[in-house]
Amino acid sequence: MVTTEYPPMPGGVGRYTENLTKSLRKMGLEVYVLCNEKGNGNYYGLSTYNKHNSEVISKAANDSNADLVHIQYEPGLYGLVLDSFPFLHYRTTTTIDTFYDTSKVPIVTTFHSAYTFKQWMNLASIANSTSKIRKYASFIAKSWKRLVNYWSVHNLNKAKWAKSRTNIVFSKYLASLIDGANNLSGNGGSSSNSNGSSQADSEFSIIYHGAEPISVRSKREARSMFSFPEDKRIALALGFRTSTKGWDILGKINLPDDWLIVINPSKNHYNPNEKVDLRFRNESVVNLQKDFLDEEELSCLFYAADATILPYRVSSASGVMFDGLAHGLPFVASDLPFFKEFSSKGLGITVKRKPEAFAEGLKTLAKGYDAYTMNVNNFRENLKWDVIAAQHALLYQRALRTEVK
């Protein structure tokens, strides 16, 4: 199992990988983890900044006598380089490209993100600087790099998709975004390459992001732990303190009288210089300021809420949404394609990313709350980690039987 971040190092990919690893080991699979020096893995040396990550993975696979290498792939965690002139130098790379090109061990890849052109450009946040000239010069430079690298990064994803024995995505939307996969009727299928031929090595499976409560708590008990009022509905917002999470509109929402928004932003480890203003004049927004929570605290916080609120500017997946569903919480989210896929299952509501639209969304959710929670309670059985681990085990068996062309 390959991941740059791994607990106790904070991060959504690391947390997901740890829960998956624990569940696979409970099934009897022999799983070794290669990660950053800060994580509690079995092998180390992997780093966002290590140019030799491919060699590190190869050595760990050889030392562990691995049958499979499962890479948790988030490009930015593997040193994604955006060249200012990629059409001249072809230097848009990650530090693990060579491993995909040369590995003799079958690779399984879980894709944690991919973006449309519009969302990719929205990731270029305005830099923090006392000088307006420097601030906007930095913004223009970032935007230029993103503009000229979009297709190169898209092709990096497609190359890893094609070179993996099989691929895992959390949604149909993500599969279609990476490779234009058109056989999306079930929990797996084959995608097509540019000339339309089917590739056995481009198979994929839709396996949801696992999520499960740590322990069962009543809403009253959970709220008492955080001193939340019992006479309000609570919409919960969590995540790294980045502009992509859409924190900016939360204080502008004219909340229905019976709603309260609780937020808990955590430190942005990947871009610590990005400043997000979390000073809200609206007294209906409560900032816990507890940073990255452990599993017990996080589960308790979800139990204290009635819904998750996800006003994201950019998203191709959301662990917060899955965690909320696992605790029985429907969502109100921006009308991004990922969230639309799950709102179509009756698990929540998507709205325009405007304060007034979110206010109406919360009202609509409250009116049909029983129906939404019934759908969520039925759906969350699919997210249990033993279910997710069993799906992975079957996929591994299939991958080992499949010969790469």
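Is it true that THR109 is buried (at least 21 other Cβ atoms within 10 Å of the Cβ), at pLDDT below 95, in the same structural domain as PHE204 (by TED's automatic domain parsing) and not acidic (Asp, Glu)?
It is false that THR109 is buried (at least 21 other Cβ atoms within 10 Å of the Cβ), at pLDDT below 95, in the same structural domain as PHE204 (by TED's automatic domain parsing) and not acidic (Asp, Glu).
Which numbered condition trips up LEU147, out of (1) in a helix (DSSP H, G or I); (2) modelled with pLDDT of 95 or more?
Condition not satisfied by LEU147: (2).
Taking the criterion of being within 22 Å of the chain's Cα centre (by Cα), loosely packed, with under 15 Cβ neighbours inside 10 Å and hydroxyl-bearing (Ser, Thr, Tyr), would at least one residue in the stretch 35-57 satisfy it?
Yes: one or more hits.
Could you go through the stretch 28-47 and let me know if any residue there is in a strand (DSSP E or B) and closer than 21 Å to ASN167 by Cα.
yes
Restricting attention to the stretch 289-302, which residues are in contact with an Asp or Glu (Cβ under 8 Å, 6 or more places away or on another chain) and either closer than 23 Å to TYR208 by Cβ or not in a loop (DSSP other than H, G, I, E, B) (or both)? Talk me through it step by step, then tell me what you get.
Initially, the stretch 289-302 is screened for residues in contact with an Asp or Glu (Cβ under 8 Å, 6 or more places away or on another chain), giving 290, 298, 302.
LEU298, PHE302 - these are the residues of the stretch 289-302 that are in contact with an Asp or Glu (Cβ under 8 Å, 6 or more places away or on another chain) and either closer than 23 Å to TYR208 by Cβ or not in a loop (DSSP other than H, G, I, E, B) (or both).
Does ILE57 count as in contact with a helix residue (DSSP H, G or I) (Cβ under 6 Å, 6 or more places away or on another chain), in the same structural domain as LEU123 (by TED's automatic domain parsing) and in contact (Cβ under 8 Å) with a residue 24 or more places away in the chain?
Yes; evaluated as a whole, the condition is true for this residue.
What strands (runs of 3 or more DSSP E) lie completely within the stretch 216-288 and have 1 or more residues being polar (S, T, N, Q) and surrounded by 15 or more Cβ atoms within 10 Å (Cβ to Cβ)? Even if it seems obvious, please write down each step before you answer.
Values: elements: 233-240, 259-266, 285-287.
Where strands (runs of 3 or more DSSP E) fall fully within the stretch 216-288 and carry at least 1 residues being polar (S, T, N, Q) and surrounded by 15 or more Cβ atoms within 10 Å (Cβ to Cβ), they are 259-266, 285-287.
Go through (1) closer than 24 Å to ILE206 by Cβ; (2) of a type outside the set (Gly, Ala, Ser); (3) buried (at least 22 other Cβ atoms within 10 Å of the Cβ) one by one and return the number of the condition LEU362 breaks.
LEU362 satisfies all of (1) closer than 24 Å to ILE206 by Cβ; (2) of a type outside the set (Gly, Ala, Ser); (3) buried (at least 22 other Cβ atoms within 10 Å of the Cβ) except (1).
Among the residues of the stretch 1-32, what is the count of those that are farther than 27 Å from PRO265 by Cβ and in contact with a strand residue (DSSP E or B) (Cβ under 7 Å, 6 or more places away or on another chain)?
3
Going through ALA326, ALA307 one at a time, which residue ends up being surrounded by 23 or more Cβ atoms within 10 Å (Cβ to Cβ), in contact with a Pro (Cβ under 7 Å, 6 or more places away or on another chain) and under 17 Å from PHE170 (Cα atoms)?
After applying the criteria, what remains is ALA326.
The values are calculated or read from the model by the stated rules, or taken from the named source; none is laboratory data. All values derive from a computational prediction rather than experimental measurement. Heads up, the Cβs are rebuilt from the backbone with ideal geometry, glycines too, and the neighbour counts pull from every protein chain shown.
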